[in-house]
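See below for the structure under consideration.
The values are calculated or read from the model by the stated rules, or taken from the named source; none is laboratory data. All figures in this text were calculated on a predicted structure; none of them were measured in a lab. No Cβ is skipped: glycine too gets one built from the backbone with ideal geometry, and neighbour counts run over all protein chains shown. Side chains are part of the model used for accessible areas, which takes the heavy atoms of the whole protein and leaves out ligands, DNA and RNA. Shrake-Rupley method; radii C 1.70, N 1.55, O 1.52, S 1.80 Å.
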Amino acid sequence: MSQYKYPLELLSPAKNLECGIAAINHGADAVYIGAPDYGARKSAANSIDDIARLVRHAHLYRSKIYVALNTILFDHELEGAALMAHQLYNIGVDALIIQDYGLLNAGLPPIEIHSSTQMDNRTPEKVKFLQDAGFRQVVLARELSLDQIKAISKETDVRLEYFVHGALCVSYSGQCYMSQSINGRSANRGECGQPCRLKYKMTAADGTVIAKDQHLLSMKDLNLSDYLEPLIDAGISSFKIEGRLKEKDYVANITAHYRRKLDEIIDRRPELARASSGVPAINFEPDPSKSFNRGFTTYFVDGRQKDIWSVESPKSTGEKIGKVMVIDKNRFKLDNGHDITNGDGLCFFDRTRQLQGIKVNQCADGYIYPQAMNGLYAGATIFRNYNHQFSNIFKRESAQRHIAAEMYLEEGKEGIFTLSITDEDDITSYSEARLNVQPAKNPIIAADNIKSQLSKTGGTAFKINNITINTTESWFISASELNALRRDALTRHEELRITTFSPSDVEMPVTTNQFPQKDILKNGNIVNRLAAQFMADHGAEVKELGYERQKDYDNNIVMTTKHCILHEQDKCLKLNPGYRKNLPIFISNERDNYELKFNCKDCEMQIIRRNTKQEE
């Protein structure tokens, strides 16, 4: 019977080196981070030197580093992007996450390639094509249900990655051009201006206002904490946390939370395994509600649900605390305010449903004294979006990740002692030293002293679970000599772990398999000659260049989304066909006007730019 275990990968984001190290220390099996350029989060770029440092730290734990090189590229950028790919390969990066097919023809190094979610990976046919084209991991669309994931897994062998937590783009990834159409800031080039988080007015065909000053396209944040096991059974092997713009405390808290959830599953299912080494000792109780969030949704993983949007505000509300029971001029009481502390940040929706924030100055005698009341009223629901005590946890070391190991001290000839270390991955290193020894007056105390000194691994990645001593007789060895031998041995072992964990060269196959689509239109995101050639080599013809190469966006589809505003308002056209009399429906703000189209067959909504309003 095969002893192979199916490894599960917890994949965490890193805005920078500090966040990447925090992700690894709190249990990430892999980290994705932005390259110096050409990444889909332009404000989260990192230097080659910082990425190299992160690679060394990750490889110590057999964790991996994936670098996002996932924008679409213009012709003049292809050479620079390929050069950067070679630089990343040379420092030991484990994989590149890409969107632009042109890179496949640009002379990449033999490095593993992952398909970005920006490639719009929704169907078995598309994922099968990417697999055959040489991609080793595919990031699936966030909108897929468990049944759709199962269908893809059944038809493919490639590793499947899926978002389980964080902010949601309302559009299918790679299919949003709103920001590009407004001010030339392309989401596919890492410059999205987030028009989906703005307020809009919604009107019917006759001009009737259906909704006013609402964030109609703003989604809640994803939280699939309770769906990890069904996702495993559906075929997901990499569980991705969104957040390359988030700070260290967010990364640490959310990574620790999902590490714990996955480990609970792995520990009771013998066919599963962690994808990296070392167990993190977490010094706090992870809680996603205590980090930035707009409220949580499971989105479409279990089919279409209601209340997936943060329609009243795109800002973080945090954790729900309780209701205002008593209110005075400058203080108030909550029905559940026992753990509120000085410095906390609270928020509530005022009587006009605007989100208001208040900072806690003092808590005394059950009352909360804020800096300002800001329209607070009795009965208001209070949320905490800044937990002062919880935040302080991350100002010190909040986790230590340790690799289990054993030591073996053996005496050789002429006073030469060998200290070997064997760790949980069966990696063994050896260090030698000539030690000055004296016969021990008390053999038991002498042996305990040796073990005590050798087990002092604080500040390193190792936890020594057992020490074996094999000497010709009981020796007394000074603490200073034992400490020197231990430090040398641990340094050697750490370096051995890092240098023996390097990604294997992966050559991209030369294929002629047919792209699932014959005619490539604007939403195919082809903007350079090498991408067009790739499509031609795979039986597809580029009929239109991508939106970034267009000039006029009026009357164009600028977003395709699974989110349906009418469904959220209990006006689903399938269930209420009479509501079709109100079509077409528009959403607009002071500058821009869009028509909503409803594809009820596929349960999708399209947003079409109409009659642009120019600012005065």
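General observations
- Protection proxy ranking of 355-363, 21-29, 174-182, 195-203 - average other beta-carbon atoms within 10 Å, highest first: 21-29, 174-182, 195-203, 355-363
- Expected 222 nm ellipticity per residue - DSSP helices of 4 or more, -39500 (n - 2.57), all of the chain, to 500: -7000 deg cm²/dmol
- Chymotrypsin sites (Phe, Trp or Tyr not before Pro) lying in DSSP loop within the stretch 1-71, provided at most 10 other Cβ fall within 10 Å: TYR4
- Potential lengthening of the chain between ASP147 and GLU125 amounts to 6.4 nm, from the contour at 0.36 nm per residue minus the alpha-carbon distance.
- Peptides 52-58, 158-164 ordered by packing proxy, namely the average of other Cβ atoms within 10 Å per residue, highest first: 158-164, 52-58.
- Nearest-20 debye value, the stretch 377-512 charge dipole, Cβ charges on Lys, Arg, Asp, Glu: 880
- Two-site label geometry, ARG56 and ASN183: point separation in nm, points 7 Å out along Cα→Cβ: 4.0
- Distance between the stretch 318-344 and the stretch 481-526 - C-alpha centres, whole angstrom: 49
- Taking the Cα centre of the stretch 207-308 as origin and assigning +1 to Lys and Arg Cβ atoms and -1 to Asp and Glu Cβ atoms, the resulting dipole is close to 280 debye.
- Cα centroids of the stretch 158-191 and the stretch 408-431: 52 Å apart.
- Between the stretch 537-599 and the stretch 61-91, the Cα center-to-center distance that results, in Å: 33
- Loop-located GluC sites (Glu not before Pro) in the stretch 521-612 (DSSP state other than H, G, I, E, B) with a sparse environment of at most 16 neighbouring Cβ atoms within 10 Å: GLU544, GLU590.
- Option label - P(r) over Cα pairs in 20 Å bins from 0, in percent computed here, alternatives (i) 20, 54, 25, 1; (ii) 17, 45, 28, 8, 1, 0; (iii) 16, 39, 32, 12, 1: (ii)
- Computed from point charges on the beta carbon alone (+1 for Lys and Arg, -1 for Asp and Glu), the dipole magnitude for the chain about its Cα centre is near 1980 Debye.
- For the pair ILE444 and TYR6, a Förster radius of 45 Å applied to the C-beta separation gives a FRET efficiency near 0.45, rounded to the nearest 0.05.
- Counted charge near SER316, where neighbours are those whose Cβ lies closer than 15 Å (Asp, Glu -1; Lys, Arg +1): +1
- Net charge, ASN336 excluded, C-beta distance under 12 Å - Lys, Arg +1, Asp, Glu -1: +1
- Taking all Cα pairs closer than 8 Å and separated by 6 or more residues, the relative contact order of the chain comes to 15 percent.
- Helix 78-90 and the longest principal axis of the Cα set of the chain meet at an angle near 30°.
- Length gained on full extension, ASP602 to GLN354, computed as 0.36 nm times the residue gap minus the Cα-Cα distance: 85.8 nm.
- Accessible surface area normalised per residue over the stretch 277-334 is 46 Å², counting heavy atoms of protein chains with a 1.4 Å rolling probe.
- The long axis of helix 146-155 is offset from the longest Cα principal axis of the chain by roughly 70 degrees.
- For the stretch 463-531, GluC sites (Glu not before Pro) meeting the loop criterion (DSSP other than H, G, I, E, B) and having at most 12 other Cβ atoms within 10 Å: GLU473, GLU507.
- Solvent-accessible area assigned to carbon and sulfur over the chain amounts to 46 percent, based on a 1.4 Å probe.
- Placing CYS572, CYS192 in order of accessible area, with the largest value first and a 1.4 Å probe, yields CYS192, CYS572.
- Dipole of the chain, positive direction: furthest Cα of PRO110, ILE340, ASN483, with charges on the beta-carbon: ILE340
- Note on GLU481 and SER504: with the Förster distance fixed at 41 Å, the Cβ-Cβ geometry gives a FRET efficiency of about 0.50.
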